[in-house]
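The values are calculated or read from the model by the stated rules, or taken from the named source; none is laboratory data. Quick caveat, the model's predicted, so the values are computed rather than measured. Methodologically, a virtual Cβ is constructed for each residue, glycine included, from the backbone with ideal geometry; neighbour enumeration extends over all protein chains shown.
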Amino acid sequence: MARLGSWIEPFPEGIYVKPADAWVDPSRPKAQALVTHGHADHARGGHGAVWATPETLAIMETRYGEQAGRPVQYGDCVRIGEVDVSFVPAGHVLGSAQIVLEYGGERVVVSGDYKRRPDPTCAPFVVVPCDIFITEATFGLPVFRHPDTGSEIDRLLHRLHAEPERCVLVGAYALGKAQRVIMELRRRGHDEPIYYHGAMERLCALYEELGVPLGDLRPATGASKQELAGKIVICPPGALNDRWSRRLPDPITAMASGWMRIRQRARQRNVELPLVISDHADWDELTQTILEVAPKQVWITHGREDALMHWCMTHQIKARELNLVGYEDEDD
Ligand SMILES: [Zn+2]
Ligand SMILES: [Zn+2]
């Protein structure tokens, strides 16, 4: 009998599914690509056919122009070559999917990036039992235990209200994190206008178009200091310390990221108010997910794999590092 998963070949540039002649999240242009979600480290432009959820395809079109898209709704199954392929929610960002591959009586799940805690902007992660679970491990160390999101949002609001003459400038990735922070603020009853950096505009508009209501959003550009006092402004992390932010009224610099757990990372970006809000599974979510999925093998795509490898070993699960390159550019 062939080795388990012998039909799946990991390369540094992505995962090759031989009997489908297709690649999962390839970092270079390929004739046939299966894309888990819209973050730039997973979804690149220039592929031939792209299988992805309609939301992911819409995100890719917003960023790269028209795609030779083959939309697959959550739960639908398509046959590519000799492989049955379905897309299941990953809970990471809008449209994000785990890709379920079935061939020769074996089931392999490629998780893409995922998280388990609730996110009002996307469908929750679905557990799919399988033979091989190919997982990320961005926060694969026991030190990473993300706090409750609501309490982080409350800290943000508390700070905002404590210094009403200033504004709070929140660094957040333009795809996913920004919209999640906005939506979480709305859920905590914050109905004030929220101001955004120009780089956020198209993706926020797309989220709204796809049914994620973000409330009163306004461009920060052109707003006076007076108008912005006591308000929240959201920008990409790269804009936190650049000239753009000088137009703001004495901003309190915040950033929403799983990395804010590490004080040094916050200092590097001169972040005064670190908010530990992550779109990735923390240590407990990673290990809990592996227990629930109960695979025969775990393959780890990217992140801090050593501790998770060890954890798998102590739980009698065979584990393997894939050392894929180029992931982890834009999301955390
Ligand atoms: Zn991602
Ligand atoms: Zn990623």
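Miscellaneous remarks
- Count of residues meeting criterion [more than 18 Å from the chain's Cα centre (by Cα), in a loop (DSSP other than H, G, I, E, B) and touching a residue at least 40 places away in the same chain (Cβ under 8 Å)] in segment 173-202: 3
- Ser245 meets all of the listed conditions (1) at pLDDT below 95; (2) surrounded by fewer than 22 Cβ atoms within 10 Å (Cβ to Cβ); (3) not in a helix (DSSP H, G or I) but one, namely (3).
- Residue-level analysis places Glu285 among those that are within 16 Å of ligand 2 (Cβ to nearest atom), assigned to a helix (DSSP H, G or I), surrounded by fewer than 23 Cβ atoms within 10 Å (Cβ to Cβ) and not polar (S, T, N, Q).
- Applying the set (1) over 22 Å from the mean Cα position of the chain (by Cα); (2) at pLDDT 95 or above to Gly222 leaves exactly one unmet item: (2).
Here is a yes/no grid of residues against (1) of a type in the set (Val, Ile, Thr); (2) part of a loop (DSSP other than H, G, I, E, B); (3) touching a residue at least 12 places away in the same chain (Cβ under 8 Å); (4) under 23 Å from Leu185 (Cβ atoms):
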residue	(1), (2), (3), (4)
Gly75	no, yes, yes, no
His92	no, yes, yes, yes
Thr121	yes, yes, yes, yes
Cys130	no, yes, yes, no
Phe133	no, no, yes, no
His146	no, yes, yes, yes
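- Hey, Ile59 in contact with a strand residue (DSSP E or B) (Cβ under 8 Å, 6 or more places away or on another chain) and among the β-branched types (Val, Ile, Thr) or not: no
- Taking the criterion of being within 23 Å of Val325 (Cβ to Cβ), out of contact with any His (no Cβ under 9 Å at 6 or more places or on another chain) and touching a residue at least 40 places away in the same chain (Cβ under 8 Å), the residues of segment 252-280 that qualify are Ser257, Trp259.
- Residue check, Gly38 within 24 Å of Lys177 (Cα to Cα), free of Cβ contacts under 8 Å to residues at least 24 places away in the same chain, assigned to a loop (DSSP other than H, G, I, E, B) and not β-branched (Val, Ile, Thr): no
- Scan of segment 18-52 for residues that are β-branched (Val, Ile, Thr), touching a Leu at 6+ places or on another chain (Cβ under 6 Å) and more than 15 Å from ligand 1 (Cβ to nearest atom), ordered by number: none
- Flag if Ala319 is on the phi > 0 side of the Ramachandran plot, of a type in the set (A, V, I, L, M, F, W, C) and either in contact with a strand residue (DSSP E or B) (Cβ under 7 Å, 6 or more places away or on another chain) or away from ligand 2 (no atom under 16 Å from the Cβ) (or both): no
- From Ala137, Ala178, residue being of a type outside the set (Ser, Thr, Tyr), within 15 Å of ligand 1 (Cβ to nearest atom) and touching a Gly at 6+ places or on another chain (Cβ under 9 Å): Ala137
- The listed residues are Leu160, Leu101, Leu169, Leu94, and the only one of them that is out of contact with any strand residue (DSSP E or B) (no Cβ under 6 Å at 6 or more places or on another chain) and aliphatic (A, V, I, L, M) turns out to be Leu94.
- Only one of the numbered conditions (1) in a loop (DSSP other than H, G, I, E, B); (2) crowded, with 24+ Cβ neighbours inside 10 Å is violated by Ile59, and that is (1).
- Here Glu102 fits the description: modelled with pLDDT of 95 or more, in a strand (DSSP E or B) and either within 12 Å of the chain's Cα centre (by Cα) or more than 16 Å from ligand 2 (Cβ to nearest atom) (or both).
- Those residues of segment 109-133 which are away from ligand 1 (no atom under 16 Å from the Cβ), under 25 Å from Ser257 (Cα atoms) and touching a helix residue (DSSP H, G or I) at 6+ places or on another chain (Cβ under 9 Å), in sequence order: Pro118, Pro120, Val127
- Scan of segment 43-83 for residues that are closer than 13 Å to Leu175 by Cβ, modelled with pLDDT of 95 or more and within 16 Å of ligand 2 (Cβ to nearest atom), ordered by number: Ala43, Thr56, Ile59, Met60
- Taken over segment 265-301, the criterion of being within 17 Å of the chain's Cα centre (by Cα) and not hydrophobic (A, V, I, L, M, F, W, C) is satisfied by Ser278, Asp279, His280, Asp282, Glu285, Thr289, Thr301.
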